[in-house]
Amino acid sequence: SFSVQWVLNHQFLEMTFADTATKPLYTAKVYIGYDCQKEKYVIHWMDNFGGAFSETLGYGAKKDQSIEMSFEYPAGHLLNTFSFDEKNNQWTSHSVTKDETGNWVTFGHILLHRAN
């Protein structure tokens, strides 16, 4: 499941993720704000993997109907792209990371569409 709302005086977009299990195994809160001075997005991704994984900030840039977010985790680089498909009125969240040989591989792919 997924929800989104503006918070903190409209300074951040808060996204809430949870898998669809009766007792979700994965939950996350993601806050996206915009740094006007540096002209880039700042992303705080917090999930049930804990504090060690949430201390890395992501940075992003808007490209057409997408925001590409880059995270430099201690274990490696992760790119997450949120894209809007206007024709189908839905979003995708696609994440890639580098494997041991340096090739980009899919980490996750989520299709988001309105339930009502």
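The values are calculated or read from the model by the stated rules, or taken from the named source; none is laboratory data. Source: prediction; values computed, not measured. Positions of Cβ are generated from backbone atoms using ideal geometry, with glycine treated the same way; all protein chains shown enter the neighbour counts. Surface accessibility is based on the protein's heavy atoms, side chains included, excluding ligands, DNA and RNA. Shrake-Rupley method; radii C 1.70, N 1.55, O 1.52, S 1.80 Å.
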List the GluC sites (Glu not before Pro) within segment 11-107 that fall in a DSSP loop (any state other than H, G, I, E or B) and whose Cβ has at most 10 other Cβ atoms within 10 Å.
GLU39, GLU86, GLU100
What number comes out for the charge environment of TYR73, summing +1 per Lys or Arg and -1 per Asp or Glu over other residues with Cβ under 11 Å away?
-1
Just from its helices, what would the mean residue ellipticity at 222 nm be for the chain, if runs of 4 or more DSSP H residues each count -39500 (n - 2.57) and the sum is divided by every residue, rounded to the nearest 500 deg cm²/dmol?
-500 deg cm²/dmol
Using the Cα centre of the chain as the reference point, and only Cβ charges (+1 on K/R, -1 on D/E), how large is the resulting charge dipole? Debye, rounded to the nearest 20.
240 debye
Within the chain, what's the longest run with no chymotrypsin sites (Phe, Trp or Tyr not before Pro) in a DSSP loop and at most 13 other beta-carbon atoms within 10 Å? Give the range, please.
50-116
Net +/- balance of residues flanking LYS62 in space, Cβ distance below 12 Å, scoring K and R +1, D and E -1
-1
For segment 1-115, which whole percent of the accessible surface, found with a 1.4 angstrom probe, sits on carbon and sulfur atoms?
55 percent
Find how much the distance from ALA115 to HIS10 grows on full extension, using 0.36 nm per residue of separation minus their present alpha carbon separation; answer in nm with one decimal.
35.4 nm
Heavy-atom accessible area per residue, the chain, 1.4 Å probe: how many Å²?
71 Å²
Can you compute the modelled spin-label distance between GLN65 and LYS23, with each label point 7 Å from Cα toward Cβ, in nm?
4.0 nm
